[in-house]
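Okay, structure first, notes after.
Read the figures in this text as sums done on the coordinates, not as results from a lab. As the structure is a prediction and not an experimental result, all values here were calculated from the model. Here Cβ is always computed from backbone atoms with ideal geometry, including for glycine, and neighbour counts include all displayed protein chains.
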Amino acid sequence: MNTLWCIHRVGSLIKVNISAFGDKEKRKRFGIRFGKHIKKIRLEKGLTQEELSHKANIHTTYLGHIKTGTYVPSIYIVWCLAKALGVNIENLFSDF
């Protein structure tokens, strides 16, 4: 099964394709795509990387690692980023 369902709010589910998690190279590509999407939203909101990391309460270096695909964030970090960006968590996966 290549789908992960995450509960966002009561009655709201998010469908995420997790087939990319099986191999290291696919996982890295997923991380890079996710990081680019975060950067796009961050720039649309007029935030610097430092401002976003502060609002999300994560280290700037960690945010940089997400952006480059070095780390794939946990669902908790994704939730923190969505909150800091003022978007629904679904919006962070809208390009996938």
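On the basis of the beta-carbon distance and an R0 of 30 Å, Lys28 and Tyr76 show a calculated FRET efficiency of 0.90. For a straight C-alpha distance cut-off of 23 angstrom, the lysines reachable from Lys45 (same-chain residues fewer than eight places away being disregarded) are Lys36, Lys55, Lys67, Lys83. Taking a straight Cα-Cα cut-off under 14 Å and skipping sequence neighbours fewer than 8 places away in the same chain, the aspartates and glutamates within cross-link reach of Lys39 are Glu50, Glu51, Asp95.
Using the Cβ atoms and a cut-off under 14 Å, what net charge is assigned to the surroundings of His59, where Lys and Arg are +1 and Asp and Glu are -1? Net charge in that neighbourhood comes out at 0. Taking K and R as +1 and D and E as -1, what net charge do the other residues with C-beta under 15 Å from the C-beta of Lys40 add up to? So the environment of Lys40 carries a net charge of +4. Once both labels are positioned 7 Å from their Cα atoms along Cα-to-Cβ, the gap between His54 and Asp95 label points is 2.5 nm.
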